[in-house]
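These notes concern the structure reproduced below.
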Amino acid sequence: MDAILVEYDIRKNTVDFVKGGMVEEWVAVCRRFNDDVHRVRDVDDIETYTALYECFDEKDKKHYYLVKEEVSLFKIRRKNFLSKIGK
């Protein structure tokens, strides 16, 4: 799954690509932020990317990433959900 760093304006609900931003592997991004990532919303106006996520660093600063979600991500999320409720 691909991810790219973006700037997100919450008030205007707009997403702008960061100058010089590079496509990264989403799993590597999650590890870098110690899995402190949260899905913000669906993205349907930007080709190839399906969701916007916010990631928090050690100082609780927000960073936003556009992510191209794949079926494997939904399987992982479902497995984690079920394990948390004891199934």
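A short reminder: the numbers here are calculations on the coordinates, not readings from a lab. All values derive from a computational prediction rather than experimental measurement. Because the Cβ atoms are built from the backbone with ideal geometry, glycine has one as well, and the counts that use them run over all protein chains shown.
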Using a simple charge model, +1 on the beta-carbon of Lys and Arg, -1 on the beta-carbon of Asp and Glu, nothing else, what dipole does the stretch 7-48 show about its Cα centre, in debye to the nearest 20? 200 debye
From the phi angles alone, apply the Karplus equation (6.51, -1.76, 1.60; θ = phi - 60°) to the stretch 33-45 and give each ³J(HN,Hα) in whole Hz, x where the residue is Gly or Pro. 9, 6, 6, 8, 10, 9, 6, 8, 6, 6, 10, 10, 9
